[in-house]
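For reference, the structure is listed below as structure tokens.
Values quoted throughout were computed directly from the atomic coordinates according to the rules given, and no laboratory measurement underlies them. The structure displayed is predicted, hence computed values, not measured ones. Counting neighbours? That spans all protein chains shown, and the Cβs are built from the backbone with ideal geometry, glycine included.
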Amino acid sequence: MSSEQDGTEFVDDDFQPGQPAAPANPWAAPAGSAPTREQVDTRVVEAQQKLAELKRQQEDLERERASLEETRRRQMEFHNGRKELLQNLTRGAGLLEEAEFASRRDAELMARTMVEFKDALAKLQAINEENWTQENFNIELTRALTTIENARMEWNSARLKLPVLAGESAPVASPSAAPAASGMPSFARLGFWQLCRIGLGFTWPLLLVALLALAIFTAILLRHH
């Protein structure tokens, strides 16, 4: 037997100096041997546990995604709803303000018209033919006709300004339509005879005064002759 030893004999590669030891694999079976039943059962259990953990994580992610989608939907509903209501409320406030102004203006016009109607009515009711005499007949008749024509002019003017007096409903003011500056009636839609009546209503008192002056002047001339 030789006293010299081979350098490769009784050398464990896993414990060579300067090299870290390789980690042991608990699932690895010894080289050349099949895995035992216990090892297979252990690996099956561990795989099932990993699958269960992955499934739980998937369910958590699904719930988180659903929660984020609901939050996004509510945020969109908030932004869209606020934008819509800001536009609608701003427009509605402007429309109501214009309608309130128009209603207040119509109410003031109606109040003034009622006062004028009552004044004209009082003047008409104050006419008393029984107090007329032969001397003041022409003068009283002229005054009465003037009162009647003034009342008629007041009535016609009010009918043109207030459709309710003609049995029509008041039109709704359009937001884009500019309000009438002076409230004067439009004569373009009136017929010929209506225009003649309005013109006669304006000129009739003047004609009566002229005729009365002519009659008085004629009477004075006849007295001198």
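Full extension from residue 34 to residue 71: what is 0.36 nm times the residue separation minus their Cα-Cα distance, to one decimal in nm? Don't skip to the answer; put the middle values down first.
Numbers: separation 37, 0.36 × 37 = 13.32 nm, distance 5.47 nm.
Taking 0.36 nm per residue and subtracting the Cα distance, the gain is 7.8 nm.
Modelling each spin label as a point 7 Å along the Cα-to-Cβ direction, I'd like the residue 125/residue 165 distance in nm, to one decimal.
1.8
Which whole-Hz couplings ³J(HN,Hα) result when phi for each residue of region 35-52 is put into the Karplus expression 6.51 cos²θ - 1.76 cosθ + 1.60, θ = phi - 60°, listed in order with x for Gly and Pro?
Running phi through 6.51 cos²θ - 1.76 cosθ + 1.60 with θ = phi - 60° gives x, 7, 5, 5, 5, 5, 4, 5, 5, 4, 4, 5, 5, 5, 5, 5, 4, 5 Hz.
Compare the peptides 122-133, 146-157 by average per-residue count of other Cβ atoms within 10 angstrom and give them in order, highest first. Walk me through the numbers before you get to the answer.
Details: 122-133: 10.2, 146-157: 16.5.
Peptide ranking by packing, descending: 146-157, 122-133.
Dipole magnitude of region 37-112 about its Cα centre, charges +1 at Lys/Arg Cβ and -1 at Asp/Glu Cβ only, in debye to the nearest 20? Walk me through the intermediate numbers first.
Numbers: 16 positive and 17 negative charges, 25 e Å.
For this selection, approximately 120 debye.
First measure r as the distance between the Cβ atoms of residue 87 and residue 115, then evaluate 1/(1 + (r/R0)^6) with R0 = 41 Å and state the FRET efficiency to the nearest 0.05.
Details: r = 43 Å, r/R0 = 1.05.
Approximately 0.45, to the nearest 0.05.
Put a dot 7 Å past each Cα toward the Cβ at residue 141 and residue 64; how far apart are the dots in nm?
Spacing of the two 7 Å Cα→Cβ label points: 10.7 nm.
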